[in-house]
Every structure is written in structure tokens, then in C-alpha cells.
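Chemist: Would you mind keeping the following structure in view while I ask a few things?
The values are calculated or read from the model by the stated rules, or taken from the named source; none is laboratory data. Quick caveat: nothing in here was measured; it's all calculated off a predicted structure. Because the Cβ atoms are built from the backbone with ideal geometry, glycine has one as well, and the counts that use them run over all protein chains shown. Only protein heavy atoms, including side chains, enter the accessible area calculation; ligands, DNA and RNA are left aside. Shrake-Rupley method; radii C 1.70, N 1.55, O 1.52, S 1.80 Å.
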Amino acid sequence: MYLSNHQIRMMKHRSILSVLFLFVSNLLFAQVQSPEQFLGYKIGTRFTPHYKIVNYVKSVGLARPDMVKVEKYGETNEGRELLLAYIASPANLAKLEEIRNNNLSIAGVSTNKNAAAIESAPAIVWLSYNVHGNETSSSEAAMQTLHSLVDPANSKTKEWLKNTVVIIDPCINPDGRDRYVNWFNSVAGKNMNADPQSREHNEPWPGGRTNHYNFDLNRDWAWQTQLETQQRMVKYNQWLPQIHVDFHEQSYNNPYYFAPAAEPFHEVITPWQREFQGVIGRNNAKYFDENGWLYFTKERFDLFYPSYGDTYPIYSGAIGMTFEQGGGPGGGLSVVTNSGDTLTLVDRVNHHYTTGLSTIEVASANAQRLVTEYKKFFADSRSPKAGSNKTYVLTSENLSKIKGIAHLLQINGIEFGAPPFGRSFSGLNYASGKEEKGQLKKYSLAVNTAQSRSVLAGVLLEPKSNLVDSNTYDITAWSVPYAYGVDAYVVNGAFPLQAYNIPITAKAVPASTYGYLVKYNSVNSAKVLGQLFRQGIKVRYSEKPFTYRQNLYDRGTLIVLQKNNPANLLALLNQYVSENDVEIEAVQSGFMDKGPDFGSPDIKSLRAPKVALLTGEQTSSLGAGEVWNMFEQQLNYPLTLINTENLGRVNLSDYNVLIIPDGNYRTLNDRNVTDKLKQFVNGGGNVIALENAVQQLAKGDWGIVLKDDKEDEKDKDKNTKADYSLLKKYENRERDDLVNSIPGAIYKVELDNTHPLAFGYPKTYYTLKQDTRVYEFLKDGWNVGVIKKDNYVTGFAGTKVKTHLKDGLLFGVAEIGEGSVVMLADNPLFRQFWEEGKLLFCNAVFFVGQ
């Protein structure tokens with residue numbers, strides 16, 4: 001073949017360009033620094049502050065824009081960046097949005113009308129690191145994993161990325177991580193000290209596990225009460241990956257844990273989800289066996305509670321898994337374990353790095369089946385088996401409760417609508433557990449199971465928890481109707497729902513020269529009360545129901561008179577109506593149709609509470625954090641945090657409410673401190689004790705008595721033969737103790753709603769019971785919330801626990817001198833998702849002791 005000179009010149013030119021392109025490409029690839037090159041130290045020899053992790057992730061994105069997209073999805077309470085890194089082959093990264101939309105189409109949750117393509121769809125693998133801030137090895141491993149995926153010398157990861165898109169969240173909890181890292185770096189010496197007794201292995205209160213408000217983000221996936229979770233879950237539900245791994249650490253004396261998980265599995269988990277956990281586990285085991293690393297599977301970490309980083313993804317169609325490295329907060333850079341081995345941070349990082357890459361490898365090799373089974377999961381959800389269709393109906397006279405549930409469903413991608421039938425229908429009544437006639441109240445919504453997110457919807461709404469194994473890791477009951485305090489029914493059949501239109505109740509408050517009435521029936525009402533106090537507005541309330549212009553106003557209704565209040569009162573009330581969706585009505589006279597007139601002794605004045613909260617050492621960081629979060633993020637009401645160890649030196653006369661959260665208080669054994677507290681209460685102060693703090697007060701002279709569990713001596717046979725029930729097998733020691741266990745079950749509480757502590761409630765309240773403590777009825781005080789016989793509702797409670805939990809007090813008010821002690825033996829603010837308990841807590845702050 002003859003080539004012209006022009007063609008020869010063109011070929012040479014192309015050759016030169018090709019060589020130049022390869023040179024430039026290699027030069028660019030060479031700029032992808034390893035974590036060690038970028039940071040200046042080997043990963044695992046120091047703890048990396050969060051900002052350096054962010055900088056490294058961004059540097060990789062800049063170096064390989066053809067393979068990595070870095071996205072800021074939010075900020076923490078303390079202003080630290082929250083990032084995602086999307087890693088894919090150049091071909092897939094170029095069509096990343098197309099892949100995301102196609103994945104949602106496969107799940108049936110996309111607005112895109114195009115048919116979903118599954119043949120060429122990559123598997124989406126989401127890796128989440130450092131949800132607990134002091135479980136620090138995982139964020140270090142995230143950087144190594146990211147580098148391996150884009151390293152031009154790594155031929156294996158190139159192949160894996162042909163079939164996968166990997167999403168890395170390098171640090172879910174930056175505030176907690178930096179709290180730990182900054183503390184560790186401030187106390188560690190020049191050389192690492194592996195002695196577990198050294199101070200660098202003993203983290204001070206509150207530790208780095210939690211976020212800014214001392215909240216455990218690993219329990220917040222479904223409820224989304226925290227800022228970090230709210231921002232992250234928007235992104236997660238925009239992708240709905242096929243695989244999600246949540247990287248954790250446990251005690252440094254434990255070997256590595258990876259899936260498959262332990263029983264109980266929730267009954268909705270599919271055979272495929274169970275099977276593929278084993279596939280990934282066996283691949284992890286292969287690498288651990290090659291290196292002689294110990295591990296365990298199928299123990300401790302179950303798949304039941306729906307708000308974890310493994311269960312929430314599972315109920316959303318993914319293979320969700322927790323990986324737990326030994327190390328935790330006490331591991332430091334190096335620690336000697338109980339077995340005498342030395343565990344280093346380098347080891348811990350390497351183990352997480354290995355399981356992360358192993359998971360991507362398995363996903364790539366099984367991408368087609370992952371996508372196919374994923375599609376089947378959602379298809380089966382939309383078309384349940386015959387006879388399994390259900391419609392959940394939730395109804396209440398309280399709009400704020402229904403709107404709260406609607407918001408929860410919405411942020412979780414669960415479809416809902418208005419009930420399709422009239423006000424009367426038949427279904428399984430949550431309250432009675434029986435099939436019976438139901439009656440719609442003023443506000444209602446319904447959820448049917450013929451939808452893509454039906455599995456998650458069913459788990460969150462189910463009236464009873466079906467446990468196949470009672471030895472579980474967390475609470476065993478969480479049903480949304482009980483948590484929100486609404487009536488609910490399960491109706492057989494998935495009825496087509498009508499459009500749900502959120503009722504608009506906020507309306508302009510008409511002017512009045514006399515005053516205004518604020519209905520008090522929700523946390524929003526309490527928030528308005530707090531804002532009125534902050535503006536210096538004088539507020540009264542009624543201890544008895546009354547009728548004005550044929551409208552009934554219940555106990556606790558707030559009365560705000562124009563006289564002696566600021567001229568801009570109407571403008572403030574209209575602002576509060578629009579911000580809080582409360583009902584405020586004008587009143588033209590103090591003369592009522594029925595009930596007390598406004599000059600009656602049954603109309604009481606309220607004082608603005610000046611509130612202090614015990615915190616620091618001796619308190620539960622979680623318990624104190626829930627209260628702190630409630631005041632700052634929901635009530636927006638001033639709160640002073642006092643270190644418990646300083647209580648003896650604090651001038652309590654500056655406050656009239658003192659909150660003692662759950663904890664273990666040495667201070668309450670100090671006679672001088674308890675005398676000071678009694679002086680505070682006798683002088684008109686209000687002490688609010690929660691959970692274990694109530695038990696500790698019961699040990700002192702406060703009129704609170706813990707109900708014991710003595711056996712009835714009359715029923716004992718003094719001459720019985722040997723008790724063979726005492727002969728127990730050692731291997732069954734954990735299970736044998738389950739008769740005394742209650743990890744979290746729902747009980748019905750009978751309320752005296754004529755007492756200010758229970759204003760705004762019906763005559764019953766559902767509590768999440770996590771311990772066996774109940775108290776004797778108060779002789780000098782008010783027994784506001786009591787458990788009677790047969791008040792168990794759902795969740796696991798051991799046989800001995802069920803026998804004990806009856807005829808006792810949970811919520812009460814002991815009156816001492818001019819003040820009071822409010823006892824909240826169960827936590828009304830549990831993980832901030834137990835919405836029905838929040839008003840009880842607000843009443844304790846704003847009403848009791850007035």
C-alpha cells in the first residue's frame with residue numbers, strides 16, 4: 001500500500017499527540033497522592049483531624065475529576081463540612097445523574113417515566129464511616145479506600161468500577177470525631193503508650209461517640225431528628241443503593257465482626273438479603289484467613305430495630321451491614337488487649353480497608369444479580385402476595401400529631417393519602433388489639449402497602465413486634481402510632497387513597513381589646529408559651545375546662561389578656577400562629593358560658609421558669625443531650641447547663657426549675673448537696689428527675705419509694721425439696737437471664753389528666769419501658785401516670801418483668817414545702833422520636849410547681 005507524504009506526516013503527528021496524551025495522563029495520575037504523601041505520615045500512626053480528611057478527599061477529586069465527584073451535602077451543628085465522594089469509571093462518572101435516575105426507576109420511586117434499564121446498570125455501593133466519632137479508624141480507612149479506587153496502578157479496582165459506582169461518606173459525625181481527636185492529641189505523649197491504664201485510653205465525659213448534642217446518630221436513620229441525619233438522608237434516598245456498609249468499632253478486646261448478622265432478623269428481610277450477607281461474609285473471611293486475623297459472625301449484632309445503618313438500608317431494598325473493628329474509644333494508637341496482644345491503629349485501619357474493598361469486589365462480581373434482586377424487592381413491595389395487602393389508618397383530633405406523622409413518612413419516601421372510606425370503617429384497633437368498628441376523627445391519613453416503600457412503612461407502623469429471638473441488641477417496639485399518640489387501625493386490603501391535603505389551621509388572630517385564648521394540646525403550644533415568657537408577656541391558664549361562645553376549651557388553655565401586656569401583643573400572637581401552627585382565638589369578655597370565669601380561683605397565673613440542667617460527669621451524656629437538644633432545637637427556650645460536680649457551689653436561687661437527667665450521681669450521696677436541694681424545693685423550686693435519677697432520689701428522704709419484687713412468703717413451702725430450677729447450663733447463661741430483661745417494650749399508662757403534668761393528654765399514654773423500675777404510689781403527692789394490671793402492649797418483656805410491671809407509679813409529683821419534685825421514671829424524650837412524651841416533659845417545666 002502506497003502512503004503519500006501528507007499521510008505519513010499526519011500519522012507521525014497523531015503518534016506524537018498520542019505519546020503526549022499518555023505523558024499528560026500519566027502526569028495527572030501521578031498527582032493522585034496517597035494519604036501518606038498528602039498528610040506527611042503513614043495512616044494509623046496519628047489521628048487525622050476532620051479538616052485534613054476533607055482536604056484529602058477534595059484533593060483526590062481535583063486530581064481525578066474523570067473518576068471522582070466530591071459533593072458537600074451539609075454542615076454539622078459546629079459548622080464542619082459533610083461530604084460525599086462518588087467514585088466510578090470515567091464512562092460511568094460522565095453519566096452519573098443518568099445512573100442515579102435509572103436506579104430510582106428500577107426501585108419504582110422515580111418521577112422519570114422512562115423504562116428502567118437493568119442489564120447495564122452498575123451496582124451502587126455506599127460506604128459510611130465514623131458515625132460514632134470516637135470509633136476513629138474508619139475515617140482513616142476511608143481515605144485509603146478512596147485512593148485504592150483511583151490509583152492508576154491498581155488494576156483490580158479498575159475492573160471493579162466497570163460494574164459499580166461507589167459512594168463514600170468519609171465521616172458522618174465530624175463534631176464527635178474532632179472532639180475525640182483533639183482530646184487524644186492533647187493528652188498523648190511523644191511516644192504511644194499501649195498500657196490501657198494510661199490516660200490516653202480513658203476518654204472523659206461526654207466522649208466523642210455522639211454529635212454536638214450528645215445524640216447517637218447511629219439510632220437516627222428513620223427518625224431523622226438530628227441535623228447531620230436530616231441532610232444525609234436526603235442524599236441517601238436520592239440514591240437508594242444496593243449495598244450499604246456502616247463501619248464501626250467495638251471494645252478493643254473483641255476481634256472483628258462482619259456479616260452475616262445475628263438473629264433476630266425481622267420477618268420482612270428477604271431470603272436473598274440473608275443469602276448475600278453470607279456471600280460478602282465469606283469473601284471477607286477469605287482475606288482475614290490469609291492474614292491470620294480473627295473475626296466472628298452471626299453473633300450480637302441483629303437486624304431488627306429499624307433506625308440503624310444496617311436495618312434501614314435493608315428495609316429500603318439494600319444489603320445493609322455493620323462491620324465492627326475492635327478498638328473503640330479506648331484503643332488509642334496502640335493498646336494491649338486482654339489476650340496480651342498489642343492492637344494498633346494501623347491494624348484497625350487495615351482491617352476496615354480490607355472489608356471495604358472486599359465488599360466492592362463482591363458487588364462487582366455480582367452486580368447483575370444485585371440489581372435484578374433489588375428490582376424484585378421493590379416490585380414485590382408494590383404487588384404484595386394475595387391476602388397481605390393492608391391499609392394503615394391513623395386518626396386524631398390533634399392536627400399537629402397527624403402533620404408530624406405526615407412529615408416522618410414524607411422524609412422516608414413513604415406514600416400516604418387520605419382514607420378512601422367514610423368516617424366509619426372496620427379494622428384491627430391498635431388500642432384493643434381486636435377487629436372492630438373504627439371512627440375517623442377530625443384529622444386522618446392512611447398508608448397502604450401496595451407501594452415501593454411498603455417494607456419500611458410496615459416496619460415503622462406495625463402494631464406488634466414479631467420477634468423470632470428475644471435476645472436482641474436494642475429496643476423491640478417503636479410503632480409510630482404509639483410514639484405519636486394517635487388512634488390507629490389496620491384494615492385488610494390496599495385501598496386506593498385520596499390525595500392528602502394538609503389542613504391549614506393557621507389563621508390570622510382577630511384583634512381584641514380584652515384578650516386571647518391559646519389551645520394547649522401539643523409541643524407547639526408549649527413552644528408558644530415559652531416564646532410568650534421570653535417576651536415578658538403575662539400568661540394565665542385554666543385548671544378546669546370552660547366554654548366560650550359554644551367552643552370548649554380544655555384544661556391548660558392559655559389565657560393572655562391585653563391588660564398589662566405590651567401593645568404589640570396581637571402582632572406577636574400572629575407571628576406565633578404562622579410559625580407554630582397553633583390555634584389562637586380572640587376573647588371579648590371574662591364571662592364564660594360554662595366553667596370558671598377569668599377571675600375564678602381556678603384561673604392561675606404562670607411564672608416564666610428559669611431552668612438549669614445538670615450535665616457533665618455523673619450524668620448520662622445521652623440523657624442530658626436529649627434535654628439540651630429539646631430546649632435549643634425545639635423549644636428555643638433559655639437553659640443553663642451546670643456541671644454536676646459544681647452543684648454544691650451553684651447559687652440555686654437564680655433558678656426555679658432544676659432538671660436532673662438520667663445518670664449515676666455520687667453527688668446525691670453528699671449530705672450537703674441533698675440538703676441544698678431540699679432547701680431549693682422547700683423554697684418553691686421544682687426539681688425534675690428522669691429515669692435513674694428518680695431511683696437515686698428514692699434512696700433519700702424525698703417521699704419516693706421504689707417498688708421491690710419480693711416473693712410472697714405465704715406461698716413458699718418451707719419444706720420444699722431441692723429446687724432443680726437452680727441447675728442451669730453455663731452456655732445458656734445469657735438466655736436464662738432474659739426472663740428479667742426488657743430492652744424496650746411499650747406499656748399503657750393510665751393518666752390523671754386533670755393534673756397540670758398531664759395537661760393536653762387523653763386519659764392514657766403509651767410509654768417505652770426500658771427497665772423494671774416502678775414506684776410505690778405517693779402518699780404525699782400526685783400519682784399522675786400509673787401502670788395497672790395487664791397494661792403490656794408490645795415488644796419483648798421477660799416473664800418476671802411482666803409479673804413485676806403492674807400497680808406502680810411512673811410519673812408523679814411529690815409536693816415538698818412550697819416546691820415539688822417531678823418524677824419521670826421513663827424517658828419522655830427517648831431519642832427525640834417519642835413525640836408523645838415531649839408535652840409531658842414541657843408540662844413538667846412550664847406548669848408543675850406553679
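Chemist: As an exercise, take the mean of 1/r over every pair of distinct alpha carbons in the range 576-659, invert it, and state the Kirkwood radius in angstroms.
Modeler: 16.3
Chemist: So how much accessible area does Asp670 have, in Å² to the nearest 10, using a 1.4 Å probe?
Modeler: The accessible area of Asp670 comes to roughly 70 Å².
Chemist: What is the helix-to-structure angle for 523-534, meaning the angle in degrees between its Cα long axis and the longest Cα principal axis of the chain, kept from 0 to 90 and rounded to the nearest 10?
Modeler: Approximately 70 degrees, to the nearest 10.
Chemist: Hey, another quick one. Using the alpha-carbon atoms, what tilt in degrees (0 to 90, nearest 10) does helix 174-187 show relative to the longest principal axis of the chain?
Modeler: On a 0 to 90 degree scale, this one is about 80.
Chemist: Also, I was wondering about something else. Given a 1.4 angstrom probe, I'd like the percentage of the accessible area of the chain that is carbon and sulfur, rounded to a whole number.
Modeler: The computed percentage sits at 49.
Chemist: Could you work out how far helix 5-30 tilts from the main Cα principal axis of the chain, as a 0 to 90 degree angle to the nearest 10?
Modeler: Roughly 40 degrees between the two axes.
Chemist: Could you calculate the contour length gain from Glu579 to Thr547, that is, 0.36 nm times the residue separation minus the distance between their Cα atoms, to one decimal place in nm?
Modeler: Taking Glu579 through Thr547 to full extension adds about 8.9 nm, to one decimal.
Chemist: Give me the extension gain from Asp752 to Ala379: residue separation times 0.36 nm, minus the current Cα-Cα distance, reported in nm with one decimal.
Modeler: 129.5 nm
Chemist: Say the dipole of the range 270-427 comes from +1 at the beta carbon of Lys and Arg and -1 at that of Asp and Glu; which of Gln273, Val346, Pro384 then lies farthest toward its positive end?
Modeler: So the residue furthest toward the plus end is Pro384.
Chemist: A further question on this structure: Could you give the dipole magnitude of the chain about its Cα centre, charging the beta-carbon of Lys and Arg +1 and that of Asp and Glu -1, in debye to the nearest 20?
Modeler: Charge dipole of the chain: 1800 debye, to the nearest 20.
Chemist: Right, another one. Considering the Cα trace of the range 40-120, what is its radius of gyration and what is Dmax, both in angstroms?
Modeler: When restricted to the Cα atoms of the range 40-120, Rg and Dmax are 16.8, 51 Å.
Chemist: Need the C-alpha centroid separation for the range 254-323 versus the range 408-483, integer Å.
Modeler: About 27 Å separates the Cα centre of the range 254-323 from the one of the range 408-483.
Chemist: Using only the Cα atoms, work out Rg/Rh for the range 523-630, with Rh taken as the Kirkwood radius, to two decimals.
Modeler: With Rg and the Kirkwood Rh in hand, the quotient comes to 1.06.
Chemist: Could you state the number of Å between the C-alpha centres of the range 61-138 and the range 165-205?
Modeler: The distance from the Cα centre of the range 165-205 to that of the range 61-138 comes to 28 Å.
Chemist: Still on this structure, please answer the following. Projecting each Cα onto the charge dipole of the chain (Lys/Arg +1, Asp/Glu -1 at the beta carbon, about the Cα centre), which of Ile360, Asn102, Gln144 comes out farthest on the positive side?
Modeler: Selected residue: Asn102.
Chemist: Taking all protein chains together and a probe of 1.4 Å, list Arg666, Arg453 from the most accessible to the least accessible.
Modeler: Arg666, Arg453
Chemist: Under a 1.4 angstrom probe, counting protein chains only, how are Lys52, Lys375 ranked by accessible area, largest first?
Modeler: Final ranking, largest accessible area leading: Lys375, Lys52.
Chemist: Could you sort the peptides 780-787, 649-656, 254-261 by per-residue average Cβ neighbour count (10 Å cutoff), highest mean leading?
Modeler: Top of the packing list down: 254-261, 780-787, 649-656.
Chemist: At R0 = 25 Å, how high is the FRET efficiency between Asn646 and Lys806 if r is their beta carbon distance? Nearest 0.05 is fine.
Modeler: 0.05
Chemist: While we're looking at this one, here's another question. What does the C-alpha gyration tensor say about the overall shape of the range 752-816? Classify as rounded when a/c is under 1.5, otherwise prolate if a/b is larger than b/c, or oblate.
Modeler: oblate
Chemist: Take the cross-link list Lys286/Lys729; Lys464/Lys763; Lys72/Lys298; Lys375/Lys441 and give me the ones stretching past 30 Å between alpha-carbons.
Modeler: Lys286/Lys729; Lys72/Lys298; Lys375/Lys441
Chemist: Where a ≥ b ≥ c are the square roots of the eigenvalues of the C-alpha gyration tensor, would you call the range 34-73 rounded, which needs a/c under 1.5, or, failing that, prolate if a/b is larger than b/c, or oblate?
Modeler: oblate
Chemist: Another question about this same structure. Hey, how many Å between the Cα centroid of the range 489-512 and the Cα centroid of the range 620-646?
Modeler: Computed from Cα coordinates, the inter-centre distance equals 34 Å.
Chemist: Helix-only mean residue ellipticity at 222 nm, the chain, DSSP H runs n ≥ 4 weighted -39,500 (n - 2.57), per residue, nearest 500. What is it?
Modeler: Taking each H run of at least 4 residues, the total per residue is -9500 deg cm²/dmol.
Chemist: Moving on. Sorted from largest to smallest, which semi-axis lengths in Å does the alpha carbon gyration tensor of the range 491-557 give for its equivalent ellipsoid, taking the root of 5 times each eigenvalue?
Modeler: They are 32, 16, 15 Å, listed largest first.
Chemist: Pull out the extension gain between Ser600 and Ala285, defined as 0.36 nm times the separation in residues minus the alpha carbon to alpha carbon distance; nm, one decimal.
Modeler: Length gained between Ser600 and Ala285: 105.9 nm.
Chemist: Turning to a different aspect of this structure: Can you give the log10 of the normalised intensity I(q)/I(0) at q = 0.14, 0.17, 0.26, 0.27 Å⁻¹, computed with Debye over equal Cα scatterers of the range 159-212?
Modeler: -0.54, -0.65, -1.04, -1.08
Chemist: For Asp807, what charge total do you get from the other residues with a beta carbon under 10 Å from its beta carbon, if Lys and Arg give +1 and Asp and Glu give -1?
Modeler: Summing Lys/Arg as +1 and Asp/Glu as -1 gives +3.
Chemist: Take the alpha carbon gyration tensor of the range 179-236, find the square roots of its eigenvalues, order them as a ≥ b ≥ c, and report rounded if a/c is under 1.5; if not, report prolate when a/b exceeds b/c, else oblate.
Modeler: Here the range 179-236 falls in the prolate category.
Chemist: What are the extents of the Cα atoms of the range 134-227 along their three principal axes, listed from largest to smallest and rounded to whole Å?
Modeler: Rounded to whole Å, the extents work out to 46, 41, 17 Å.
Chemist: Report the one residue of Pro206, Phe247, Asn154 whose Cα lies farthest in the direction of the positive end of the charge dipole of the range 126-248 (charges on C-beta: Lys and Arg +1, Asp and Glu -1; origin at the Cα centre).
Modeler: Checked the options; the winner is Asn154.
Chemist: Follow-up. For the range 176-316, what is the relative contact order in percent, using Cα pairs closer than 8 Å and at least 6 residues apart in sequence?
Modeler: Computed over the range 176-316, the figure is 27 percent.
Chemist: Expressed as a rounded percentage, what relative contact order does the range 40-163 have, with Cα pairs under 8 Å and six or more residues apart?
Modeler: 23
Chemist: Quick one: net charge around Glu135, please, counting Lys, Arg +1 and Asp, Glu -1 for every other residue with C-beta under 10 Å from its C-beta.
Modeler: Here the count lands on +1.
Chemist: Given a Förster radius of 41 Å and the C-beta distance between Gln498 and Gln231 as r, what FRET efficiency does 1/(1 + (r/R0)^6) yield to the nearest 0.05?
Modeler: Efficiency at R0 = 41 Å is approximately 0.80.
Chemist: Now, a different point. For every other residue with a beta carbon closer than 12 angstrom to the beta carbon of Ala318, add +1 if it is Lys or Arg and -1 if Asp or Glu, then tell me the sum.
Modeler: Local net charge: -3.
Chemist: For the chain, just the Cα atoms, rotate onto the principal axes and tell me the three extents in Å, largest first.
Modeler: 113, 65, 59
Chemist: Taking the range 545-606 on its own, what percent of its Cα-Cα pair distances exceed 17 Å?
Modeler: Result for the distance tail: 45 percent.
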